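Novice: Got a structure here, written out as structure tokens. Questions coming.
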Amino acid sequence: MTTEAFQRSLKNHQEKGFFENLKILRGIERESLRVTQEGTISQDNHPENLGSPLTSKDITTDFAEALVELVTPTFESAGELFKHISLLHKFLYSEMGDEILWNFSMPCAFRNEQEIKIAEYGNSNSGMLKHIYRKGLRLRYGSIMQCVSGIHYNFSLSEGSWGALTHSPDQNFINEKYLGAIRNIKRNFWFLLERLGASPIAHASYLLDREHSLAKYGDNDLFLPAATSLRMSEVGYQSKMQNALKINYNNLDEFIDAIIKGIKTPVKSFEDIGLIDKHGIPQQISSGILQIENELYDTVRPKRSGPSGSRPAILLKNKGIEYLELRGVDINPFIPEGIDENKIKLLDIFIMHSLISESPQISDKELEEIRANQKTMVENGRSKEVELEKNGVATPLKELKKIFREELEQVATAMDKYCPGYSKAFNAEMSIDLLPSDRIISEMASQNLSFQEYGLMQSKKIAMEQKSFANDDFSKFISNADKSLEDLKILNENVGMDINKYVELYNSSI
């Protein structure tokens, strides 16, 4: 049975005509490693025909030269977003030659860290700064951890959408609504870990020289028997020392202050690394807990877009929250794009539930509870006996699921007023019994394959399908790629000031 507080919130939004006047803008950033036909990380540079990773609006790179990131514009329709990212994948495959995408969140097997080439962005100051940031990540956490892939889902409402809730939806009102949504997303993140978690196992080389508590699976792999998402676990894309910042998203100014504190608070081990290498070139942007704002590893972040070189914290302080970046979504290895239209709609429903529900501030005690629940779900979320903490009480997951699914179903029905098809998508998703994390382990066991063998087989299968679409119309992507190369040329011709001075000025701008 759904809670009274939820029923009250839903009714309030329905009576005000919120769903009829709703306009959602959503976009996707999708990461994936380029690998050879043998399943080893590519040693080739980012394909030039894809454009410049510094200036392209479609395809860039993340940490490594071989770690591509597909970026979409925002779309008002879930269907149009999926259509766009699907075509973008086909374009990517058409320009990759014999290489394929490793269609899993946990990376392929590595021989050593040296085979991972850090992404290069040219010799402009902005390009060099991106490269220096990545050098810092390598020195802090190692290159292998940085090769984990995921999906970032960017979500916002149009300015007009807020009008149904208040006569004057100023930026302070919008900030509070988004912060409330973030707090609820974190409270209920267990749901996404169960439904979309798809990284229960990794090749042993992923934890090369790192301490861990994973169990052996066969000769070459590490796993936890009931894990959902090792990517979101303590051995995943995480930094324990960031917990000291105690970010609770109760207040935007407090969040910004915590981020700035993270950048300005030096860490002894990072100071020992040094800001400059033996050649006098910067190798970290700062020695703080965070080099820059984007080093904050969290499941969801408040964001504001701005010109290249802008400080995210300053943009948020001056202009407020523009959209939410949901970062905790694993690559679904059974879908070429890593995500499909129904799952996009499921994310819409989940975030909308978080947005319209009451969202009390998070205390230090609840913050610890949220962290403990995430640890439980990533490590043991497939266990039938799993329990999560709710208001200090251990509660069986099956009880939480029953109530939460009923609430999500009601949100889906309400969202059919905004755009028909949400109830249908929700029911289709909830009818899936064999979830990705279960399916990976089940198929590996039934076929007696290691993770590397299974990952390569599945990735090749998808690559073969994708490369059969070589005759699709990629003209807009080709045009964008050409323009990005022209833009890079102009940037590289106007290098600007000495890079050490540029980094110094960048640090002083916050």
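The values are calculated or read from the model by the stated rules, or taken from the named source; none is laboratory data. As the structure is a prediction and not an experimental result, all values here were calculated from the model. A quick note on method: Cβ atoms are made from the backbone with ideal geometry, for glycine too, and the neighbour counts reach across all protein chains shown.
Novice: Out of curiosity, is residue 493 of a type in the set (Asp, Glu) and within 19 Å of residue 338 (Cβ to Cβ)? Steps first, please.
Specialist: Values: of a type in the set (Asp, Glu): yes; within 19 Å of residue 338 (Cβ to Cβ): no.
Judged against the criteria, residue 493 is not a match.
Novice: While we're here: Answer yes if at least one residue in the range 348-357 is surrounded by fewer than 22 Cβ atoms within 10 Å (Cβ to Cβ) and more than 20 Å from residue 159 (Cβ to Cβ), and no otherwise.
Specialist: No; the residues of the range 348-357 include none that is surrounded by fewer than 22 Cβ atoms within 10 Å (Cβ to Cβ) and more than 20 Å from residue 159 (Cβ to Cβ).
Novice: Could you list, in sequence order, all residues of the range 300-318 that are under 22 Å from residue 250 (Cβ atoms), surrounded by fewer than 19 Cβ atoms within 10 Å (Cβ to Cβ) and within 19 Å of the chain's Cα centre (by Cα)?
Specialist: Across the range 300-318, the qualifying residue is only 304.
Novice: When you look at residue 428, is it modelled with pLDDT of 95 or more and crowded, with 19+ Cβ neighbours inside 10 Å, yes or no?
Specialist: Working: modelled with pLDDT of 95 or more: yes; crowded, with 19+ Cβ neighbours inside 10 Å: no.
In short, no.
Novice: Residues that are within 30 Å of residue 14 (Cβ to Cβ): list the helices (runs of 4 or more DSSP H) wholly contained in the range 398-495 that include at least 2 such residues.
Specialist: Numbers: elements: 422-430, 436-447, 451-466, 475-493.
In the range 398-495, 422-430 are the helices (runs of 4 or more DSSP H) which contain 2 or more residues that are within 30 Å of residue 14 (Cβ to Cβ).
Novice: So, one more: Restricting attention to the range 42-62, report how many residues are under 19 Å from the mean Cα position of the chain (by Cα) and not in a loop (DSSP other than H, G, I, E, B).
Specialist: 3
Novice: If you don't mind, another one. Of a type outside the set (S, T, N, Q), within 30 Å of residue 113 (Cβ to Cβ) and either touching a Leu at 6+ places or on another chain (Cβ under 7 Å) or crowded, with 19+ Cβ neighbours inside 10 Å (or both) - does that describe any residue in the range 72-86?
Specialist: Going through the range 72-86, the residues of a type outside the set (S, T, N, Q) turn out to be 73, 75-76, 78-85.
Now restrict to residues that are within 30 Å of residue 113 (Cβ to Cβ): none.
No; the residues of the range 72-86 include none that is of a type outside the set (S, T, N, Q), within 30 Å of residue 113 (Cβ to Cβ) and either touching a Leu at 6+ places or on another chain (Cβ under 7 Å) or crowded, with 19+ Cβ neighbours inside 10 Å (or both).
Novice: Every residue in the range 271-297 that is assigned to a helix (DSSP H, G or I) and surrounded by fewer than 20 Cβ atoms within 10 Å (Cβ to Cβ), please.
Specialist: Of all residues in the range 271-297, those assigned to a helix (DSSP H, G or I) come to 271-273, 293-295.
Those that are assigned to a helix (DSSP H, G or I) and surrounded by fewer than 20 Cβ atoms within 10 Å (Cβ to Cβ): 271, 272, 273, 294.
Novice: How many of the residues making up the range 149-180 are of a type outside the set (Phe, Trp, Tyr) and under 17 Å from the mean Cα position of the chain (by Cα)? If you could, list the steps in order and put the result at the bottom.
Specialist: The first filter runs over the range 149-180 and keeps only residues of a type outside the set (Phe, Trp, Tyr), leaving 149-152, 154, 156-161, 163-172, 174-177, 179-180.
With the extra rule that they be under 17 Å from the mean Cα position of the chain (by Cα), the set shrinks to 149-152, 154, 156.
Adding up the residues that qualify gives 6.
Novice: When the residues of the range 472-510 are narrowed to those that are of a type in the set (Gly, Ala, Ser) and surrounded by 13 or more Cβ atoms within 10 Å (Cβ to Cβ), which ends up nearest to residue 54 (Cα to Cα)?
Specialist: Quick first cut of the range 472-510, residues of a type in the set (Gly, Ala, Ser) only: 475, 479, 481, 484, 496, 508-509.
With the extra rule that they be surrounded by 13 or more Cβ atoms within 10 Å (Cβ to Cβ), the set shrinks to 481, 484, 496.
Details: 481: 11, 484: 8, 496: 16 Å.
Only one residue tops the list, namely 484.
Novice: Which of the residues that make up the range 7-40 are within 20 Å of residue 347 (Cα to Cα) and touching a strand residue (DSSP E or B) at 6+ places or on another chain (Cβ under 8 Å)?
Specialist: Result: 22, 23, 24, 25, 26, 27, 28, 29, 30, 31.
Novice: What about residue 22, is it closer than 23 Å to residue 460 by Cβ and either among the hydrophobic types (A, V, I, L, M, F, W, C) or surrounded by 24 or more Cβ atoms within 10 Å (Cβ to Cβ) (or both)?
Specialist: Here the answer is no, as residue 22 does not meet what is asked.
Novice: I'd like to check something: does the range 70-90 contain any residue that is in contact with a strand residue (DSSP E or B) (Cβ under 6 Å, 6 or more places away or on another chain), more than 26 Å from residue 236 (Cβ to Cβ), β-branched (Val, Ile, Thr) and not in a helix (DSSP H, G or I)?
Specialist: Within the range 70-90, one or more residues are in contact with a strand residue (DSSP E or B) (Cβ under 6 Å, 6 or more places away or on another chain), more than 26 Å from residue 236 (Cβ to Cβ), β-branched (Val, Ile, Thr) and not in a helix (DSSP H, G or I).
Novice: Within the range 100-120, is even one residue assigned to a loop (DSSP other than H, G, I, E, B), at pLDDT below 95 and crowded, with 19+ Cβ neighbours inside 10 Å?
Specialist: No, every residue in the range 100-120 fails to be assigned to a loop (DSSP other than H, G, I, E, B), at pLDDT below 95 and crowded, with 19+ Cβ neighbours inside 10 Å.
Novice: So, one more: Filter the range 25-40 down to the residues that are among the aliphatic types (A, V, I, L, M) and buried (at least 23 other Cβ atoms within 10 Å of the Cβ) and list them by number. Before you say what the answer is, go through the steps one by one.
Specialist: The initial filter retains those residues of the range 25-40 that are among the aliphatic types (A, V, I, L, M), namely 25, 28, 33, 35.
Within the range 25-40, 28, 33, 35 meet the criteria.
Novice: Which ones in the range 151-175 are in contact (Cβ under 8 Å) with a residue 60 or more places away in the chain and either closer than 20 Å to residue 15 by Cβ or in a helix (DSSP H, G or I) (or both)?
Specialist: Here is the first cut: in the range 151-175, the residues in contact (Cβ under 8 Å) with a residue 60 or more places away in the chain are 151-158, 160-161, 163-165, 171-172, 174-175.
Selection gives 157, 160, 161, 163, 164, 165, 171, 172, 174, 175.
Novice: Among the residues of the range 449-476, how many are free of Cβ contacts under 8 Å to residues at least 12 places away in the same chain and either touching a strand residue (DSSP E or B) at 6+ places or on another chain (Cβ under 8 Å) or within 18 Å of residue 108 (Cα to Cα) (or both)?
Specialist: Total satisfying the criteria: 4.
Novice: Additional query: Of the conditions (1) farther than 30 Å from residue 384 by Cα; (2) touching a strand residue (DSSP E or B) at 6+ places or on another chain (Cβ under 6 Å); (3) assigned to a helix (DSSP H, G or I); (4) at pLDDT 95 or above, residue 179 clears all except one; give me its number.
Specialist: Here residue 179 meets the rest and fails (2).
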